[in-house]
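J.: Submitted below is the structure of interest, expressed as structure tokens.
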Amino acid sequence: MSGGPVVGGFGAAGGDGGPVVYDPYTLPADDNVNPYAFSVALDGQWFLQKGKMIAYYGQVDFHAIGYGPLDRLVAANFHSPLHAADWVVAQGRGKMLLADRSYDINSYDLDDGNLTIRSGNLLAFQPGLALKQSIIPGFLTLIGTGKFVAASNGAVHFVEPPIRVDPQALVGWADCPSPCHHYDHAYLRGVLGGIRAMTGIGGASGEEHQFEFVGAGQVLLQSTETLMAEQATGGVPGQAGPGVPGAGAQGPGAGPRFGR
Amino acid sequence: MARFRLQGTRVLAVDLTGDSVKAKNGAMVAYDGEMTFKKMTGGGEGLRGLVTRRITGEHMAVMEVKGQGTCYFADRATEINLVRLTGEKLYVEASNLLATDAGLRTGTTFTGLRGASQGNGLFTTTVEGTGQAAVMSDGPAIVLRVSAATPLTVDPGAYIAHTGELRQQLQHSVGWRTMIGEGSGESFQIRFEGEGLVYVQPSERTTIGGQL
């Protein structure tokens, strides 16, 4: 346990061929316990999505974002105003287990980098990182140095651009490739193609639309096309005005709002 | 005595040599040898047990499997965890219990508010004696040791079972901020103190307290 008080030694657990028994000293520090659970060695603060903590040892307090003694930390690291209701700050010292609907959990280290991720997949991050809403609706961007924890439906694969990926398989991307839409128009040309496009008769393969990435960086894919439950990113504030993607189109009171 | 072993992580294989095992009704997926399946009304503790289970909502449809050979059990592809008991008591939700050795006694106890906060009712099932039990979880269970120096706090939705001498206490921090939607999301927690083991699953049931 990094930096924590170590009182007496426990036997390392396990024994008689039974399941592995963990205690605060044998739980991994900032690493996976099994593919579906992650153990955080908490000594300070972590940002968590609500309800992803399954158990903890030690003294940990959970503070909602938006009030309380951590105002300054939140101001420096959390820039997603309408998203705040979904996140909490865990503060204290101990070991904390995170999990999400028994999906695969992975941790990633960013070193003065950036990574954009689907909002429902992000579970937790260290305060060294700043969380911002991506320009692309439904995605969040982490900038800075530190560790974060993300869930995926099946194991995550890292691929390098140039690549086209299925929208449902995309988890996120790092280091600024250029995310854009790609349509297979050839398939939809001509009269027959037009009928196909409009009615779906004649067999659409369901793969006419992809996300395309080019440039230097990494793209993260999950191994199924089953999406995780979308987590509200909160829209852009309505007063953001024209020209801001998503402005006025999401969140409470949907519908365009101009000239506020 | 029946021998429990795991075939992969989601199928329980029980080797029987003329003895019997109690299992959740309908959980048999295959067997090898000669088996008889007998439905046990009310969980198999006689009339009193039957009445108690009806009243407390901890009723389980249990069958007794007897025979020679190997019987395989599985339920909705949930992960299965083996628990070996040597005289101690296992507390587990009836819905998470897949099979128990015939030599183990099952009963019902009052859990208090914790049950209510998990959406599981106010009662839980106990398994007592010497032998093996199979407990189901959504994702492989993690076994956490609790000792006097290291109390443990668990989210009610992730808790599945515990053994040992543990005191449990529901912690809550519901204030006016929870009411206006600014809760911490971890308002209800169970704190375990004493000596024992707690089984948690890497997933959370939807609970009444879960959204607070």
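Values quoted throughout were computed directly from the atomic coordinates according to the rules given, and no laboratory measurement underlies them. Not measured: the values here are computed from a predicted model. Note: ideal-geometry Cβ built from the backbone for every residue, glycine included; neighbour counts use all protein chains shown.
J.: Based on the Cβ-Cβ distance of B:Q68 and A:R101, what FRET efficiency does E = 1/(1 + (r/R0)^6) give at R0 = 41 Å, to the nearest 0.05?
T.: Values: r = 41 Å, r/R0 = 0.99.
Efficiency computed from Cβ-Cβ geometry: 0.50.
J.: Taking the Cα atoms of the range A:31-152, what is the range of coordinates along each of the three principal axes, in descending order and whole Å?
T.: Its Cα atoms span 36, 32, 25 Å along the three principal axes.
J.: Using r as the Cβ-Cβ distance of B:R76 and A:N32, and R0 as 25 Å, what FRET efficiency do you calculate, to the nearest 0.05?
T.: On the way: r = 25 Å, r/R0 = 1.00.
Calculated value: 0.50.
J.: Ranking request for peptides A:156-162, B:139-145: highest mean number of other beta-carbon atoms within 10 Å first, then the rest in descending order. Spell out each step's value before the answer.
T.: Values: A:156-162: 14.3, B:139-145: 24.1.
The packing order, highest mean first, is B:139-145, A:156-162.
J.: Can you tell me which lysines have their Cα less than 26 Å from the Cα of B:K66? Leave out same-chain residues fewer than eight positions away.
T.: The qualifying lysines are B:K22, B:K24, B:K38, B:K39, B:K89.
J.: I want to check the label-to-label distance for A:A76 and A:C180. Put each point 7 Å from Cα in the C-beta direction and report it in nm to one decimal.
T.: With each label point 7 Å from Cα toward Cβ, the separation is 3.9 nm.
J.: Which value, in Å³ per residue, describes the convex hull spanned by the Cα atoms of the range A:108-147?
T.: Values: hull volume 2.1 nm³, N = 40.
Looking at the range A:108-147, the number lands at 53 Å³ per residue.
J.: Modelling each spin label as a point 7 Å along the Cα-to-Cβ direction, I'd like the B:T109/B:Q171 distance in nm, to one decimal.
T.: So the two model labels end up 2.2 nm from each other.
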